[in-house]
1. For the range 19-27, check the following and say yes or no: at least one residue is surrounded by 16 or more Cβ atoms within 10 Å (Cβ to Cβ) and in contact with a Leu (Cβ under 9 Å, 6 or more places away or on another chain).
2. Give me a count of the residues in the range 1-18 that are open to solvent by 80 Å² or more (accessible area, probe 1.4 Å), farther than 12 Å from residue 41 by Cα and assigned to a loop (DSSP other than H, G, I, E, B).
3. Tally up the residues in the range 37-79 that are in a strand (DSSP E or B), open to solvent by less than 60 Å² (accessible area, probe 1.4 Å) and within 13 Å of the ligand (Cβ to nearest atom), please.
4. Return yes when residue 82 is open to solvent by 50 Å² or more (accessible area, probe 1.4 Å) and without any contact (Cβ under 8 Å) to a residue 24 or more places away in the chain and no when it is not.
Amino acid sequence: MDMPQVARCQVRECAYNSSGACHALAITVGDENTAKCDTFFAIPQKGGDPQAVGRVGACKVTACLYNDMLECQAASITVDMPNGEADCMTFREE
Ligand code: SF4
């Protein structure tokens with residue numbers, strides 16, 4: 001299994017985000033019921049590897065079409081904050 005890239009993340013207040021890109025080496029998405037980015041962390045300090053594009057290390061949303069054995073198998077994902085939470089916009093209900 002390959003870890004999909006976070007192709008775009010619009011959650012600029014996250015410590016791992018710079019200029020609309022995620023730089024966490026491996027994010028975790030979800031609890032079982034909501035496809036939120038569980039790695040989101042809002043502090044003034046920046047983190048992650050600025051040379052790296054974020055990837056999805058694990059996904060706990062078993063109801064997603066792309067979830068296989070608790071891993072994300074989408075080609076890539078995007079993350080945004082449409083309702084005040086950092087949500088995986090690639091989530092598709094199975
Ligand atoms: S994908 Fe998650 S960890 Fe990465 S920048 Fe966006 S909110 Fe932060």
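The values are calculated or read from the model by the stated rules, or taken from the named source; none is laboratory data. Every value quoted in this text rests on a predicted model; they were computed, and no experiment measured them. Note: ideal-geometry Cβ built from the backbone for every residue, glycine included; neighbour counts use all protein chains shown. Surface areas here come from the heavy atoms of the whole protein model, side chains and all, with no ligands, DNA or RNA. Shrake-Rupley method; radii C 1.70, N 1.55, O 1.52, S 1.80 Å.
1. The answer is no, given that none of the residues of the range 19-27 is surrounded by 16 or more Cβ atoms within 10 Å (Cβ to Cβ) and in contact with a Leu (Cβ under 9 Å, 6 or more places away or on another chain).
2. Selection size over the range 1-18: 3.
3. Of the residues in the range 37-79, 10 are in a strand (DSSP E or B), open to solvent by less than 60 Å² (accessible area, probe 1.4 Å) and within 13 Å of the ligand (Cβ to nearest atom).
4. When the stated conditions are applied, residue 82 passes them.
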